[in-house]
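The values are calculated or read from the model by the stated rules, or taken from the named source; none is laboratory data. Please read all numbers here as calculations on a predicted model, not as lab measurements. Here Cβ is always computed from backbone atoms with ideal geometry, including for glycine, and neighbour counts include all displayed protein chains. Protein only, heavy atoms only, side chains kept; ligands, DNA and RNA dropped before computing areas. Shrake-Rupley method; radii C 1.70, N 1.55, O 1.52, S 1.80 Å.
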Amino acid sequence: MAQGELTASAYIKHHLQNLTFGQHPDGTWGIAHGAEQAKEMGFWAFHVDTLGFSFVLGALFLFIFAKAAKRATVDAPSGLQNFIESVIDFIDDNVRGSFKGKNPMVAPLALTTFIWIVLMNTMDLVPVDWLPYAAQLMGIEYLKVVPTTDPNATFGMALGIFLLILFFSIKEKGLGGFVGELTLHPFGKWMLPFNLFLEGVNLLAKPVSLALRLFGNMYAGEMIFILIALLPWYAQWALSLPWAIFHILIVLLQAFIFMTLVIVYMDMAHQKEH
Amino acid sequence: MNINATLFGQLIMFGLFVWFCMKFVWPPLVEAMAARKKSIEEGLLAAEQGRAEHAQAQQKAEELIASTKNQAKEIIDNADKQANVMIDNAKGAAVEEADKIKAHAKSELDQEVVRARNDLKDQVSTLVMQGVNSVLEKEVDAKAHKDMLSKLSQSL
């Protein structure tokens, strides 16, 4: 535990508080000290930790893969190159399997979502106190290290997917075709409002379910790590080790589900027949 | 866990990452892998072709060796035959030559014999004449009995 005098609930709350940067009620910009202040900042505030960690992880992913891309030759690959190419193969197989249209963006999109989410989820496996405690020693009050346990991160990605769904639906089917798909199914034009309601829910459910599924799983996993961290230090390993091993599965599985759904949604956006 | 502008930050970051990945990561990797796949396929094909060519060449070589062997045998046979013919010819020529030499020698011998006989005849007749002369010096005229004497010597 970070501080001896903290109660369990304060400890949990501390761990669930993002490092927020925004405008204080008195007009000055700065870091929020505590959840109350963060709440007062309203919508136009930023979670510095979420953005920072996700940026570093995304940049790490792109750095490694771009390096591999530069070194890729016809000769036999070795080591890291081999691993990266097998990841590419894996993504390529998935995209080929689920995506029937033609769009050079879908495969890189799937790769980026998968690896980025894997890396962000993997932050969950770093023992919960290490980074926040280190940050505290450096004078940073709050630090939430797993970006995917912040709904802003997952909703941000899901919003991006949603915009792509809209963009490609209109691009492939035309505005009329897309509106027609939303209004004339499944019951024909005499049931238009009902159709619109059904299809609208269907459409909106895509990004919302994407974001909430990932967030929920990772948040719950993080929560359990925090709860385990409340146990006496000599007993923690008995629970945190099995949970961490199990969590590796969740880390990969959630990233895989997110990626697969992105591919499927892209495919649906490209299909002309409903 | 409140929703705030982090959402947009994350959205922009996501977009930039996807753009970067689409521009600099995905295409070169996939192209390199496709190129490798192609080169491996080509290599396998070339190996297969090489193997077939090798087998073909081996077969050809075997055929060539066999035909060469036959040819060599033929040449040797021909040479044998020719040698036999030459030997036979040489034998024939030799026999002929020997016969010729023999005949020549024989004819020379015959001539020699005839000449010797004639000489002998002459000498005998001369001797007889001398004997007769010495015996019959007085009663026989050499001129008158010359015809009879030469007849005598001829009948010898």
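In table form, for the structure just shown:
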item: Residues (surrounded by fewer than 21 Cβ atoms within 10 Å (Cβ to Cβ), within 7 Å of chain A (Cβ to nearest Cβ) and not aromatic (Phe, Trp, Tyr)) located in the stretch B:14-28; result: B:Gly15, B:Met22, B:Pro28
item: Single match in A:Leu231, A:Leu210 (criterion: in a helix (DSSP H, G or I) and not acidic (Asp, Glu)); result: A:Leu210
item: Contacts under 6 angstrom Cβ, first residue in the stretch A:110-139 being within 14 Å of chain B (Cβ to nearest Cβ), partner open to solvent by 10 Å² or more (accessible area, probe 1.4 Å) and part of a helix (DSSP H, G or I), 6 or more apart; result: A:Ala110/A:Val95; A:Thr112/B:Phe17; A:Leu119/A:Leu57; A:Met120/A:Leu57
item: Single residue of B:Arg51, B:Arg36 found to be open to solvent by less than 40 Å² (accessible area, probe 1.4 Å) and either assigned to a helix (DSSP H, G or I) or at the interface with chain A (Cβ under 7 Å from one of its Cβ atoms) (or both); result: B:Arg36
item: Odd one out for A:Ala229, checked against (1) open to solvent by less than 20 Å² (accessible area, probe 1.4 Å); (2) without any contact (Cβ under 8 Å) to a residue 24 or more places away in the chain; (3) among the aliphatic types (A, V, I, L, M); result: (2)
item: Among the residues listed as B:Asn133, B:Asn84, the single one being among the polar types (S, T, N, Q), surrounded by 10 or more Cβ atoms within 10 Å (Cβ to Cβ) and more than 20 Å from the chain's Cα centre (by Cα); result: B:Asn133
item: Hey, A:Ile245 touching a helix residue (DSSP H, G or I) at 6+ places or on another chain (Cβ under 7 Å) and assigned to a helix (DSSP H, G or I) or not; result: no
item: Yes/no for A:His270 being surrounded by fewer than 20 Cβ atoms within 10 Å (Cβ to Cβ), touching a helix residue (DSSP H, G or I) at 6+ places or on another chain (Cβ under 7 Å) and closer than 27 Å to A:Phe90 by Cβ; result: yes
item: Filter result for the condition that a residue is at pLDDT below 85 and either within 27 Å of the chain's Cα centre (by Cα) or hydrophobic (A, V, I, L, M, F, W, C) (or both), over A:Ala8, A:Ala69; result: A:Ala8
item: Lone qualifier among A:Gly30, A:Gly58, A:Gly42, A:Gly52 - being of a type outside the set (A, V, I, L, M, F, W, C), under 30 Å from B:Asn4 (Cβ atoms) and part of a strand (DSSP E or B); result: A:Gly30
item: Residue match in the stretch A:155-175 (condition: farther than 30 Å from A:Gly58 by Cα, of a type outside the set (D, E, K, R) and without any contact (Cβ under 8 Å) to a residue 12 or more places away in the chain); result: yes
item: Pairs, first without any contact (Cβ under 8 Å) to a residue 12 or more places away in the chain in the stretch B:25-38, second assigned to a helix (DSSP H, G or I) and open to solvent by 60 Å² or more (accessible area, probe 1.4 Å), C-beta under 8 Å, six or more apart; result: B:Pro28/A:Lys70; B:Met33/A:Asp89
item: Residues of the stretch A:72-102 that turn out to be surrounded by 14 or more Cβ atoms within 10 Å (Cβ to Cβ), more than 9 Å from chain B (Cβ to nearest Cβ) and either at pLDDT below 90 or in contact with a Gly (Cβ under 7 Å, 6 or more places away or on another chain) (or both), as a count; result: 2
item: Tally of residues being surrounded by 21 or more Cβ atoms within 10 Å (Cβ to Cβ) and more than 14 Å from chain B (Cβ to nearest Cβ) across the stretch A:146-186; result: 1
item: Residue check, B:Ser150 among the small types (Gly, Ala, Ser), loosely packed, with under 10 Cβ neighbours inside 10 Å and at pLDDT below 95; result: no
item: In the stretch A:187-207, the residues that are surrounded by 15 or more Cβ atoms within 10 Å (Cβ to Cβ) and either within 14 Å of chain B (Cβ to nearest Cβ) or not hydrophobic (A, V, I, L, M, F, W, C) (or both); result: A:Asn195, A:Glu199, A:Lys206, A:Pro207
item: Boolean, B:Lys121 is surrounded by 10 or more Cβ atoms within 10 Å (Cβ to Cβ), of a type in the set (Lys, Arg) and over 37 Å from the mean Cα position of the chain (by Cα); result: yes
item: Options A:Leu57, A:Leu51, A:Leu62; residue that is within 7 Å of another protein chain (Cβ to nearest Cβ) and within 30 Å of A:Ala10 (Cα to Cα); result: A:Leu51
item: Failed item, numbered, when B:Glu31 is tested on (1) of a type outside the set (A, V, I, L, M, F, W, C); (2) away from every other protein chain (no Cβ under 14 Å); (3) open to solvent by 40 Å² or more (accessible area, probe 1.4 Å); result: (2)
item: Candidates B:Glu74, B:Glu41, filtered to the one that is away from chain A (no Cβ under 14 Å), without any contact (Cβ under 8 Å) to a residue 24 or more places away in the chain and either among the basic types (Lys, Arg) or open to solvent by 70 Å² or more (accessible area, probe 1.4 Å) (or both); result: B:Glu74
